[in-house]
Structures are given as structure tokens and as C-alpha cells.
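For reference, the structure discussed in these notes is given below.
Every read-out reported here was derived from the displayed coordinates using simple, explicitly stated rules and does not represent laboratory data. What you are looking at is a predicted structure, and each value in this text was computed from that prediction instead of being measured. Glycine also receives a Cβ, built like all others from the backbone with ideal geometry; neighbour counts cover every protein chain displayed.
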Amino acid sequence: MLLSACLLCAVLDGYDVAIISYVTPEIAREWSVPLSTFGWVFSAGLLGLVLGALALAPAADRYGRRAIMLVAVSGAVAATAGNALVGNLVHLILSRIAVGLTVGAMTALVVAIAFEVAPMRVRVLMVTIVGCGFSLGNLLCGVLASAVIPVWGWRVLFYGAAAALLLVGILFFQFLGNSARIADRGTGSDIAGIRSLFRPGRRGLTASVWLLHFGGVGALYMIMSWMPSLLTRSGYTTAHAAFAVAFVSAGGLVGSVIGGLLLNSIGKAWLLINYAIAGVSMIALPLFFGSWLIFPLNVVVGFSVVGGYICNNVVAADVYPSELRASGVGWAQGVGRTSSVVSPLLVSLALQLDATNAQILLIGTAFTVMSAAAILLLLLRARGETLRQRQAA
């Protein structure tokens, strides 16, 4: 049941990431606000995600998974409902920070909890299946946005998310015990602190994991935040843009499962291939705006960009010991998500400079190159450790 709760939590993370991109064109029209100013709205929510992952998630290694998760979910319910009640841009920015703060903690904890409760032999697969919830949430939001917004308006999407978060809170309250109180295994702030992540032997590892997340998250959030707006900029209606972006989510769902299987069978080398595919597909995207080929290409983008993001979380959970797992994943996601704050602002600046869609998508491609470089560093590190072990033997 805990894995089911983790899956639902991941679904709502994906839903939350996607929702603001779908409602932005409607809010801009309703409030008569230029589309370019919404870069601050995107980045506000993502700033909250960074703070939640860095501040709240590591506290679970000290105070217990259950206590921190329940605090995060309760805050997310209130903040998400508040998104539907705002009436101006400033209040929307503040409410998105609040949502991000709570959801950021939830998503980091979900990875740690799923990794700990899943059976060893299927651990990687189970964590990637939970990660599929992110793509399911993206897909669900796209389908609901195309159906709900024209009939009931954009606020209904937020009310529905708040109700689902309430269900998540009930499930975790019922089934998540404190058996994983990692802080009981040590004393002092060092047990869950950043210094433990940078002790000798972990410095290069942690830096590479952070770079991996920085690139993966930057590419992901650029696509999820701005793809609907780039499509409407090219002549698509809001409903048709939402439908097209749903193919990104569908590809991410497939990429999460297949990527997890390949990660389990051939190791981190798969992610090097994956991010090469991601970079090429993002460069190709603007060539097919207005063509039916945008749909299969969006599947490829989702497969590689979203699937890569899910696999990044598995890598972070795998490389750290249990007593540092929530801190390791939380810091990796938090540092990674700083790129999700920067990425929308870069796109917003590019729009103000009248950049073409092709030029804008090069921003996402640059982030995929960063992740590929990080994987290469991790592979070289693993090879070096293997050689040292052989020499010692």
C-alpha cells in the first residue's frame, strides 16, 4: 500500500508541474497580463520545489519519514486550493512558492521511501514504476486541461489536485510508520547534513549527481513549462496544444519503465545514450510544428527527457547509504531544481528578445548535454574504482 501511496504522490507531482503551463494562456487572457511575465510564475513554483527539497526532505533523516511527509502533504493541500483563489499575479507567485515548498519535500521523500520498502531484487524497477507517476500526472493534466478548461475554467484543475492530495495524506497517515527513523542511528547534525555528502570519497560522486540532476531537471521543466505556450505561439489552440503535449507525457511513461529496465540491465551507460536522444529530438522539434509528425516526435522527447529524469532519481537513491538517502536525494533534487528556476526565466528572456522556437529549444538541448557529461563522469569514476580494487587484490 505504501508503494501505491508513493505512486499517487508522484502522479500529483507530475500534475503540479504541468498544471501551470496549461492554465497560463487562460490566466493571461483573463487578467490581461503579457505571456512573457509568466516566467516569474513558473520560476516561483520551482523555487519552492528547490527550498522544499533542500530544507524539508533532509529533515526526514533526522525526524522520521512520517512526520515530515504529513507536514508536507497538509501544506500542499492548503496551498494548492489557494492557487484557485488568487486574483492577481503577485498572489499567484506567492501561492506557487507555497505549493512548490511542500511538493518538493514530498517528491524527494517518495523516492527514498519507495527505495527502502521495495524488495531488493526489483528495487530499481519499483522505483522507476513509482517514477512513472510523474508522467501519468503530466498526461492526466493534459487530458483534463483540454476537456475541463473550455467548460468549467482553469480553477477546477487546482481544486481537483487539492482533493487528491488530501487522499494522499490519509494514505500516508494510515500506512507510513516511523520504522525508518534514520536519525535514531546517529547523533548530531552531521548525520543528515551536507558535510556527509562531501566527505572524502563522496565529493566527486555528489558533484556528478548534482550536475546530472541540474541538466535533467532543466530540460524537463523547460519542456513542461513552455511547450504549450510555444505551440500556441505557432498557431495551435490551447486545447490542441494540451493534446499535443500529452504525447510528451505518454512518451515519458514508456521511457520511465523501459529506461528503468535498461538501467537495471546495462547500468548508467543507458543514460548516456538516453540524453543523446533527448538532445537530438529537442533540436528537431521546431521543424515539425504544424505537422502531424509533432505527435510521434513528442513521444520521443518525453521518452528521453522525462524518462531520463526518473532514472536520475534512481541513480541518486542508489549511490547513497540508507542513513543519507533522503538527504542525498533531497539535495540532488534541490540543486537540480535550481535549473528549473533558471530555465523558464531564460525562455521568458528569449521570448522578450523575439527568439524563434528553434533558438528557444536550444536552451533545453544545452541542459541535456550537461546530464550526458555527468553520466560520463560517473562511468569514469566507477571504472577507476574497479581498477583500484583489482590492483589492491
Q: Could you tell me how many degrees, from 0 to 90 and to the nearest 10, lie between the Cα long axis of helix 155-175 and the main elongation axis, the longest principal axis, of the Cα atoms of the chain?
A: 20
**Q.** Label-point gap, in nm, between LEU345 and PHE173 - each point 7 angstrom along Cα→Cβ
**A.** 3.8
Q) Looking at the square roots a ≥ b ≥ c of the eigenvalues of the Cα gyration tensor of the range 71-124, which shape do they give, rounded for a/c under 1.5, prolate if a/b is larger than b/c, or oblate? A) prolate
Q. So what J values fall out for the range 26-38 if you push phi through Karplus, 6.51 cos²θ - 1.76 cosθ + 1.60 with θ = phi - 60°, rounded to Hz, Gly and Pro as x?
A. 5, 5, 4, 5, 5, 9, 6, 10, x, 4, 5, 6, 6
Q) Under the rule of -39500 (n - 2.57) per DSSP H run of 4 or more residues, summed and divided by the residues of the chain, what mean residue ellipticity at 222 nm is obtained, to the nearest 500 deg cm²/dmol? A) -27500 deg cm²/dmol
Q) Across 10 Å bins from 0, what is the distribution of all Cα-Cα pair distances for the range 1-127, in whole percents? A) 13, 41, 28, 14, 4, 0
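When the chain is fully extended, how far beyond the present Cα-Cα distance does SER234 get from VAL254, taking 0.36 nm per residue of separation? Please list the in-between numbers first.
Numbers: separation 20, 0.36 × 20 = 7.20 nm, distance 2.72 nm.
Working it through step by step, the gained length comes to 4.5 nm.
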Q) Helix 269-284: angle to the longest alpha-carbon principal axis of the chain, degrees 0 to 90, nearest 10? A) 10
Q: Determine which residues of the range 102-135 fall in the zone a paramagnetic label at GLU385 would reach in this model, i.e. backbone nitrogen under 17 Å from the point 7 Å along Cα→Cβ.
A: 124
Q. With axes computed from alpha carbons, what is the tilt in degrees of helix 89-117 against the longest principal axis of the chain, rounded to the nearest 10 within 0 to 90?
A. 40
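What does the convex hull of the alpha-carbon atoms of the range 211-252 project to on average, in nm²? Please report the intermediate quantities before stating the final value.
Values: hull surface 11.8 nm².
In nm², the orientation-averaged hull projection of the range 211-252 is 3.0.
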Q: Just need the relative contact order of the chain here, percent rounded to a whole number, with Cα pairs under 8 Å and 6+ apart.
A: 28
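Averaging sequence separations of C-alpha pairs under 8 Å and six or more residues apart, then dividing by the length of the range 63-178, give the relative contact order as a whole percent.
On the way: 90 pairs, mean separation 52.1, N = 116.
Worked out over the range 63-178, it gives 45 percent.
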**Q.** Among GLY160, GLY259, GLY100, residue whose mean-square fluctuation peaks in a GNM of the chain (springs only between Cα atoms under 10 Å)
**A.** GLY160
**Q.** Rg to Rh quotient for the range 187-267, alpha carbon positions, Kirkwood Rh
**A.** 1.19
**Q.** Semi-axis lengths (Å, descending) of the ellipsoid that matches the C-alpha gyration tensor of the chain
**A.** 32, 25, 18
Q: Pull out the extension gain between MET120 and LEU362, defined as 0.36 nm times the separation in residues minus the alpha carbon to alpha carbon distance; nm, one decimal.
A: 83.2 nm
